[in-house]
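Read through the structure below, which is laid out as structure tokens, and then see the notes.
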Amino acid sequence: MWDPQQYLRHAGPRLRPLHDLLAHVPEALPPGRDGPPRIADLGCGPGGPTTHLADRWPTAHLTGYDSDPAMLDAARAHARDGAPDTAGRLDFAHADLADWRPGRDERFGLLFSNAALQWVPGHQHAFPDWIADLPSGGVLAFQVPGNFTAPSHTLLAALRNSPRWRDRLGAPSRADDVLDPAGYAAVLTPLGCTVDTWETTYLHRLTGPDPVLEWTKGTALRPVLTLLADDPQSRTAFLDEYATALRTAYPPTTEGTDTVTYFPFRRVFVIAVKH
Ligand SMILES: C[S@@+](CC[C@H](N)C(=O)[O-])C[C@H]1O[C@@H](n2cnc3c(N)ncnc32)[C@H](O)[C@@H]1O
């Protein structure tokens, strides 16, 4: 259960890796069946990022796929009320990436995904089918967080598995689901791709009270908030415990009149071009 408004509270820092990824995707994409390139935005979320793809490829027809109804509602507003130059070439559809497949008939030139594949366990096992359906010159480009050993995640996992919460919230960490750049290159190169992959650690400068808690409320905390949705008292108790631990791990500092918290965030980028 996602909350587009909470997710968009940090839209600025969340967009920066999207632009860093986009900057390295080749300009020329193979044509779609009807001429202009076809682009899939996998795990499109609230749709704003999809419009950046529409700007970069002004003739392309784009489809954003997501499994969350609230995110899809927010995304569809972009197709309905968006800029005139995206009219008729932007749409959104429900799909679970765990069993989604491009399909040869669609002839996608670009499969794009920003900050979504980490939610799909074993996503790299889908790559052989995804690459097989791409035309020559087709591109798979994605970015995933690689911060699962950071305090924001380890503290959350430890709290979920503590005696107080284990029975309701206990869950393993998802650290193994995301590979490092060399791991993705090792999977995609034998599939007939030339792979450009790298990692970047951003140092997000966040302001306001408990900003790391607010950030995780939009992403990593979603499963917990969903499990405690009908129990506000427990939800508040869990968030208080987690916020206290986060304040120690990410201490706020003062810059002039601002209270600032620096939040390091590692991300892994992959661009695979099919031969
Ligand atoms: C962190 S958001 C990223 C959204 C967007 N790509 C962006 O750049 O802002 C992750 C998105 O992945 C979607 N998602 C998670 N698991 C999914 C799955 N199995 N199938 C489809 N979408 C999924 C979520 O619903 C959410 O909208």
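The values are calculated or read from the model by the stated rules, or taken from the named source; none is laboratory data. Everything numeric here is computed off the predicted structure, so don't read it as measured data. Cβ sites come from the backbone with ideal geometry, for glycine too, and all protein chains shown count toward neighbours. Quick note on the areas: whole protein, heavy atoms, side chains included, nothing else; ligands and nucleic acids left out. Shrake-Rupley method; radii C 1.70, N 1.55, O 1.52, S 1.80 Å.
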| field | Dipole-positive endmost among 186, 83, 211 within segment 4-274 (Cβ charges, Cα centre) | value | 211
| said: If you take every DSSP beta bridge fully contained in the chain, what fraction is antiparallel? Give it as a percent rounded to 5. | reply: 60
| remark: Computed over the Cα atoms of segment 121-196, the Rg and Dmax in Å are 16.8, 54
| task | Would you mind getting the accessible area per residue of the chain, heavy atoms of the protein chains only, 1.4 Å probe, in Å²? | result | 45
| Three principal axis lengths of segment 153-228 [C-alpha, angstrom, descending] | 48, 33, 18
| message | Ordering 219, 261 by accessible area with a probe of 1.4 Å, largest first, what comes out? | response | 219, 261
| query | By how many degrees, between 0 and 90 and to the nearest 10, does the Cα long axis of helix 151-160 differ from the longest principal axis of the chain? | reply | 70
| task | Using a 1.4 Å probe over the heavy atoms of the protein chains, calculate the carbon and sulfur portion of the accessible area of segment 1-86 as a whole percent. | result | 55
| message | I'd like to know which of 39, 28, 144 lies farthest towards the positive end of the charge dipole of the chain, counting +1 on Cβ of Lys and Arg and -1 on Cβ of Asp and Glu. | response | 144
| task | Enumerate by residue number the trypsin sites (Lys or Arg not before Pro) in segment 196-241 meeting two conditions: DSSP loop (anything except H, G, I, E, B), and at most 14 other Cβ atoms within 10 Å of the site's Cβ. | result | none
| task | With N denoting the number of residues in segment 1-108, provide Rg(C-alpha) divided by 2.2 N^0.38 Å, to two decimal places. | result | 1.05
| note | Here the gain from full extension of residue 177 to residue 24, 0.36 nm per residue of separation minus their alpha-carbon distance, amounts to 52.7 nm
| query | Which order do peptides 221-228, 12-19 fall in by mean Cβ count within 10 Å, highest first? | reply | 221-228, 12-19
| note | When the chain is treated as a Gaussian network with springs between alpha carbons less than 10 Å apart, the largest mean-square fluctuation among 113, 152, 234 is found at 234
| said: For the chain, place one equal point scatterer on every Cα, skip the solvent, and apply the Debye formula. What is log10 of I(q)/I(0) at q = 0.14 Å⁻¹? | reply: -1.03
| query | With the contact rule set at Cα under 8 Å and sequence spacing of 6 or more, what percent relative contact order holds for segment 4-274? | reply | 21
| query | So how strong a dipole does segment 4-274 carry about its Cα centre when Lys and Arg Cβ are +1 and Asp and Glu Cβ are -1, to the nearest 20 debye? | reply | 240
